[in-house]
Amino acid sequence: MNAIKTPVPARHKGFNRAEIVDANFSEFVQAWQGRALPAPRGGDPVLPGSACTARDFRELFESQLISRHLDLMARVLRVQNKVFYTIGSSGHEGNAMVARLTRHTDPAFLHYRSGAFMAERSRKLPGIDPVADSALSFAASKEDPASGGRHKVWGSKPLWVLPQTSTIASHLPKAFGTAVAIEQAPRIGHPLPVPKDSIVICSFGDASSNHATAQVAFNAAAYTAYQRLPAPVLFVCEDNGIGISVKTPSGWIANNFRDRKDLDYFFADGLDLAEGYAQVQRAVEHCRGTRRPTFLHLKTTRLAGHAGTDFEIEWRSFEELTALEATDPLLRSASIALESGLYTSEALLDEYEAIRKRCFAAAEAAYDRPKLATLEEVMQPLAPYSPEAVADEAVRADYAERRIAVFGGKDKLPETQPPRHLALQINAALHELLAKYPESLVFGEDVAQKGGVYTLTRGLYKAFKGARVFNTLLDETTILGLAQGYANMGMLPIPEIQYLAYFHNACDQIRGEAASLQFFSNDQFRNPLLVRIASLGYQKGFGGHFHNDNSIAGLRDIPGLVVGCPSRGDDAATMLRTLAALCKVDGRVCVFLEPIALYMTKDRYEAGDGQWQFEYPAPGEAMPLGEGRVYNEAAEDLVIFTFGNGVPMSLRAAREIERQRKWQVRVVDLRWLLPLNEAFIAAQAKTAKRILVVDEGRRSAGVGEGILTALVEAGLGDKPIARVVGADTYTPLAGAALLVLPGEPDIVAAAGKLARAHGRRKRP
């Protein structure tokens, strides 16, 4: 379209470009002197040759005006401290076309400039008022239907808009995953919560398209399409030519995406409803009909800066700003409205002002509505926990026949076998979970025919076939994006990450996306995950840092996450049952850390003693969240707190300490690393004469700090306490690895220091 020449009077040369954009609209309408056509009827084209009908246009235009006045209202009332968010949608109002041409049951993951999209989609269900709902969100009222006042997000449970926070492109992998899940569900007989021909909408900015996470999603989508597998995701790149203050090179988006194979490119003019409607329609119909990943390049602009604090006049020329403001899509819509004969200038200005009043009235009303007032209210949706329901689900055993069939007969059930080591018990537990939950899926790199790098998934592919056990491409971000997509569609994903070090490549998919969904949607949306990660150190020199990673602190910093770490096979089985129940009952995001060095460990003290093999727990047994395991419970001379590899190591060290010092030593396996059971820790420490924390994590960032804090806050900090911990370095190769990680001699030596310290304290 041709830019509309809008004169800007001298009084508009100030800093507040939002006021200028507002004034431009009224001045443009008042100055319009074109020739109006006979007004079209509702089903007729709004302008000759347009696919947009008069009815389409009226409603789209109203959605655009609502979005614009919400932006203008936010800028005014933010100064009065009545709203708390000013990243607006001005210039992006063309995304209303995407909302109109898709269904409210098409899951949507939206860019933060999606006010017009939300206003338009709200028409698809009765009783939804986008102005009132948005005002409550701007005001951070706990009555906000999207997040309950926790953040200004575009979201709606009935409209299938899953809320996204202000992250850069991190929602693209899970949008792709949701598209794959829509196609996967029928193949495993899982009922979808949306129609089977739904597509997934995912919008983002041109600058965000360059982000590594976005590129992961585009690559995974093309990788899927290349194999002729369906992935009906509509990537909507809202190209306004700038990322905060960094300009996107002219033509970059088209040049970068137009000719990509297996990512079908469409362009649409988001500044012109009459022209862009058919273009958007073609992209939507292509995506829905072909079930292929589709890239819609939607031309937009950005008006009034990135946010209310962005004074563009300080870094852009006045001439550049006025030229930009002349491309305002609302000016083009006003021109269509007047040229088509649908509106007179007076009627159009009346509607413009009526919507302004409606937005301000809603905002003033929202300001008086209740806010989140207590910490309990803020945290309520973050980590729901229903202990009784979780316990009941964990021990539910009404799938006996399926279980027998999976294991090949009653005589082959794992609980009838001799005691086994950790790897075999985890494998049995995974067979069991897939039998119990028909909607569960195991996937990751190498998990199918090969059975995983450490054979933990051996046999699953044969028992459950490729629709439920399958390999992915080598990319942890994609794996976790897929997992969220499956969870969004009601399945139970059990993704595998090969090594803990690899998880850190994709940590934000858990921290910024999966674990935050319940919080930012006020528990309306859930994406339960059970993520298995081969973890920790002591691999006898194999692999160096990337295969001996004990960086658990990064996981423990994720709000709402559950992290379990078994040290023995029977615990692994009962823990997995509880983790799956937490997913099913409370929608929790869970991580199961598997100590690689203990996978094949069979002995406790000496080679051949077989004391680190255990009987498989029969159905009906499960480990409560937070419950630890205590060895030699009556011992009080020394209590050792540890987990994972530290457990058998501490048990061996305890025997030596008992020999040297004649002490009775208690070893406490925490098993649950997040949340730490602080009451359990305090109870175990209360009767201890001395306390030792054994943590293979690094000195500056492990699990030990949480244990020590629990002791101090319980008033037990005056007891003799020591910590045996890894060094602040990466793990080297070969035997040097054992110089970095704590060992049994270190534990014995620490006990000696505690003995000497305790002796000094007793002297008068």
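One table, with the values for the structure above:
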read-out: Within straight-line cross-link reach of Lys602, lysines at Cα separation under 23 Å, skipping those fewer than 8 residues along the same chain; value: Lys412, Lys540
read-out: Estimated dipole of region 291-442 in Debye, rounded to 20 [Cβ of Lys and Arg +1, of Asp and Glu -1, Cα centre]; value: 1000
read-out: Convex hull per residue volume in Å³, alpha carbons only, for region 189-236; value: 99
read-out: 5 angstrom amide H check on Glu615, placed H, neighbours 5+ away; value: Arg420
read-out: Under the Karplus curve 6.51 cos²θ - 1.76 cosθ + 1.60, θ = phi - 60°, whole-Hz ³J(HN,Hα) for region 556-564, x wherever Gly or Pro sits; value: 5, 8, 9, x, x, 6, 10, 10, x
read-out: Calculated on alpha-carbon atoms, Rg and Dmax of region 629-762 in Å; value: 14.1, 44
read-out: All-pairs alpha carbon distance profile, region 387-598, 10 Å steps from 0, percent; value: 9, 36, 40, 15, 1
read-out: Longest exposed-site-free window of the chain, the sites being trypsin sites (Lys or Arg not before Pro) in a DSSP loop that have at most 13 other C-beta atoms within 10 Å; value: 262-449
read-out: ³J(HN,Hα) computed for each position of region 670-686 - Karplus, 6.51 cos²θ - 1.76 cosθ + 1.60, integer Hz, glycine/proline x; value: 5, 6, 9, 9, 7, x, 5, 7, 5, 5, 5, 4, 5, 5, 5, 7, 4
read-out: At most 16 other Cβ within 10 Å, DSSP loop - GluC sites (Glu not before Pro), region 666-764; value: none
read-out: Assigned charges on the beta-carbon of Lys, Arg, Asp, Glu; the chain dipole about Cα centre (debye); value: 1660
read-out: Residue pairs, from the table Lys662/Lys689; Lys436/Lys465; Lys174/Lys247; Lys410/Lys436; Lys689/Lys753; Lys152/Lys299, whose Cα atoms sit over 20 Å apart; value: Lys174/Lys247; Lys152/Lys299
read-out: Nearest-20 debye value, region 387-598 charge dipole, Cβ charges on Lys, Arg, Asp, Glu; value: 600
read-out: The chain - percent relative contact order, Cα under 8 Å, separation 6 or more; value: 12
read-out: DSSP bridge pairs, region 387-598: antiparallel proportion in percent, nearest 5; value: 5
read-out: Alpha-carbon centroid distance for the pair region 180-252 / region 148-173, whole angstrom; value: 16
read-out: Cleavage-rule hits (chymotrypsin sites (Phe, Trp or Tyr not before Pro)) in region 191-245: DSSP loop, at most 11 neighbouring Cβ within 10 angstrom; value: none
read-out: Percent antiparallel among DSSP beta bridges (both partners in region 214-343, rounded to 5); value: 15
read-out: Proximal aspartates and glutamates relative to Lys371, as straight alpha-carbon distance under 18 Å, when same-chain residues fewer than 8 apart are discounted; value: Asp133, Glu143, Asp144, Asp523
read-out: Beta bridges by DSSP in the chain, antiparallel share as percent, to the nearest 5; value: 20
read-out: Built amide H within the under 5 Å cut-off of Ala622, gap 5+; value: none
read-out: Long-range amide H partners of Leu674 with built H, under 5 Å; value: Val563
read-out: Average Cα contact separation per residue, region 629-762, under 8 Å, 6 or more apart, as relative contact order %; value: 26
read-out: Phi to ³J(HN,Hα) by Karplus 6.51 cos²θ - 1.76 cosθ + 1.60 over region 60-72, Hz, x for Gly, Pro; value: 4, 5, 4, 4, 4, 5, 4, 4, 5, 6, 5, 4, 5
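Coordinate-derived values only; no laboratory data. Remember, predicted model here, so these are calculated numbers, not experimental data. We place every Cβ from the backbone using ideal geometry, glycine too, and count neighbours over all the protein chains shown.
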